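The values are calculated or read from the model by the stated rules, or taken from the named source; none is laboratory data. Being a predicted model, the structure only gives us computed values, none of them experimental. When we count neighbours, we look across all protein chains shown, and the Cβ atoms used for this are built from the backbone with ideal geometry, even at glycine. Calculation scope for accessible area: heavy atoms of the full protein, side chains included, ligands and nucleic acids excluded. Shrake-Rupley method; radii C 1.70, N 1.55, O 1.52, S 1.80 Å.
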Amino acid sequence: MDRKLAWAAGGALLCAATVCSAAQSLRIGLQEDPDTLDPVRARTYVSRIVFTSLCDKLVDIDQKLQFVPQLAQSWAWGPDHKTLTFKLRTDVVFHDGTPFNAEAAKANLERALTLKGSQRRNEIKSIESIETPDAGTLVLHLAQPDATLLAQLSDRAGMMLSPKSFADGDPSTVSRHPVCSGPYEFVKRVQNDRIELKKFDRYYDAKDFHFDRVVFLPIPDTTVRLQNLRSGGIDILERLNPSDIKEVKGDASLKFNPVTGLGFQEVIFNIGNGPAAKDNPFANKLVRQAFQLTIDRDAINQVVGNGIYEPAQQPFPPASPYFNQKYPLVKPDIAKAKALLKQAGFPTVQAELNFANNTIASSVAEMIQAMAAQAGFQLSLRPTEYAAMLANDAQGKFQLDMRGWSGRVDPDGNIFNFVTCKGHENDGRYCNEEIDRLLNKARTEPDVASRQAIYAQAQDILQEDLPDVYLYYQPWPFATRAQLRGFKPLPDGMIRLRGVSLS
């Protein structure tokens, strides 16, 4: 029996494999397998879902996207906005029993700033030095004001590991067995099969977490994922296929729990990353502009998104104060696309489009292939396991690539690392010094109106250069068993289990 059929065989098999017990074990069906379980090096959305139960952060966000305490009880900015002081909880221990304190927080932030391969370095690079006056006080001294810092510390950059777990300096030690301070602790991982956590009884808020075990199960096929939800093999399904929404709403045993997200789905181009960029037609700006003119975002929304994949032209979603009406949706224009290809010297373009090997990504990729063909783009399709695709991207082993971003509370998180010359999500190696100047300036500006003006200047350039093409804003359509109580998804798409139970 192949793996897909094995998944489809029924929830009983899954339940047996995960040692389920009524109302004590929660099973979550993920669209992909996470990459590394090291918060400093991780890049995938699904890894953030796992970390939400495993690793507490300095601060968190609430339903209104306001910053709220987690490991830090309070914080205050200095008058020059170059000092940020946290007062920390004093009743927290890591999963290995060692205490969380200011020295531990300092060690984590220094690791994020210095570790080779760190994906968090750019997020917190404004930190110049760190002081720990006492066990409960953490003081960050910044090289310049940083309007993004709290948002970064509400995500992976603010997740705390036991310093003992990374004392040997080997990143693989952390990824094999992460030791954090969240409500659940790591048990084991079977690659592409499951990640198991168990309740951490010494967690300061343990009484509000009602599952003995939490099991994450990567199931890329949306049909199989839904079958397992209906059979009881999983309790929460993340990213329901939009075509299944009506069916889920009509099933009394299930519940549809959607939330509008902060992120986007995009196509990126290899402009300057390694040998693959040298003969990549998409390194030419005119070819990228022609490609955009073949994409019917409204059609993707209706055909694949069932009306919930709101078309996107920019990295900021409509709910953001940084969304700019100046950039209306570009409509398809095949004649103009052909003219641009001719001007670029490419009457036809042959290239390979990489995308995640899941049902929805495959459907969108097939639509893009057909749309682009009208103008002379001959795209071959290459579905790839998502974490492997990101690893290839970082090495420049791609021509164009379709991938998603889960979005961040601060606008910087949706743009800076994608388009600055050394941005850690800029796998296409687009580089424009003026963009770097503007986006670095936006990071230091606390005034919203001033930041809006700076981002508008940057987008004037980016809408012309097109280092990436946005397809739609990423919603988070969760589906759960009807017996699940207390689950409230937030716009960041994370699964928070405080107060959640199975009746």
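In table form, for the structure just shown:
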item: 3J(HN,Hα) from dihedral phi, the stretch 485-502, Karplus parametrisation 6.51/-1.76/1.60, rounded to Hz, x for glycine, proline; result: 10, x, 7, 10, x, 9, x, 7, x, 7, 9, 9, 9, 4, x, 8, 8, 10
item: The stretch 385-427, relative contact order in percent, only Cα pairs under 8 angstrom and at least six apart counted; result: 28 percent
item: Inter-label distance for Q24 and D62, nm, one decimal - labels placed 7 Å from Cα along Cα-to-Cβ; result: 3.5 nm
item: Cut-off 19 Å (backbone N to label point 7 Å along Cα→Cβ of A456), residues of the stretch 302-320; result: 313-320
item: Scaled radius of gyration (Cα, divided by 2.2 N^0.38 Å) that the chain gives; result: 0.97
item: Alpha-carbon centroid distance for the pair the stretch 384-398 / the stretch 467-486, whole angstrom; result: 23 Å
item: Backbone N within the stretch 108-152 under 11 Å of label point (7 Å from D80 Cα along the Cβ vector); result: 142-145
item: Descending semi-axes in Å of the stretch 366-503, equivalent ellipsoid built from Cα gyration tensor; result: 31, 25, 14
item: Amide proton proximity set for L26, modelled H, under 5 Å, gap of 5+; result: R213, V214, V215
item: Net charge contributed by nearby residues that have their C-beta within less than 9 Å of D212 (K/R +1, D/E -1); result: +3
item: Relative contact order of the stretch 408-503, defined on C-alpha pairs under 8 angstrom at six or more residues apart (%); result: 17 percent
item: Net charge contributed by nearby residues that have their C-beta within less than 10 Å of H141 (K/R +1, D/E -1); result: -1
item: Rg(Cα)/(2.2 N^0.38 Å) for the stretch 90-148, N = residue count; result: 1.22
item: Of all accessible heavy-atom area on the chain, the percent that carbon and sulfur account for (1.4 Å); result: 51 percent
item: Cross-link reach list, lysines versus K278, counting only Cα pairs under 30 Å and skipping chain neighbours closer than eight places; result: K116, K331, K336, K338, K342, K397, K422
item: Relative contact order, percent, the chain [alpha-carbon distance under 8 Å, six or more residues apart]; result: 20 percent
item: Other-chain or far-sequence residues with amide H under 5 Å of Y472's (modelled H); result: Q265, A312
item: Using a Förster distance of 45 Å, the FRET efficiency for Q73-Q395 (Cβ separation, nearest 0.05); result: 0.60
item: Part-to-part distance (alpha-carbon centres) for the stretch 449-463 and the stretch 96-111, which is given in Å; result: 38 Å
item: Estimated FRET transfer efficiency when R0 is 45 angstrom, pair S129-Y327 (beta carbons, to 0.05); result: 0.70
item: For the stretch 335-382, convex hull of alpha carbons as volume per residue, Å³; result: 60 Å³
item: Residue-normalised accessible area of the chain, given per residue in Å² at a 1.4 Å probe; result: 38 Å²
item: Karplus 3J(HN,Hα) series, Hz, for the stretch 178-183 with 6.51 cos²θ - 1.76 cosθ + 1.60 (x for Gly, Pro); result: x, 10, 10, 9, x, x
item: Filtered trypsin sites (Lys or Arg not before Pro), the stretch 185-271: DSSP coil and at most 16 other beta carbons within 10 Å; result: R202
item: Residue-averaged [θ]222 nm for the chain, counting only DSSP H segments that reach four residues, each worth -39500 (n - 2.57); result: -8500 deg cm²/dmol
item: Cross-link partners of K488 among lysines (Cα-Cα below 25 Å; sequence separation of 8 or more within a chain); result: K57, K64, K198, K199, K207, K246, K249, K255
item: Residue among G305, I268, N257 farthest towards the positive dipole end of the stretch 255-328, charges placed on Cβ; result: I268
item: Local net charge near T444, Cβ-Cβ under 14 Å (Lys/Arg +1, Asp/Glu -1); result: -2
item: Given charges at beta-carbon only (K, R positive; D, E negative), |dipole| of the chain in Debye; result: 660 debye
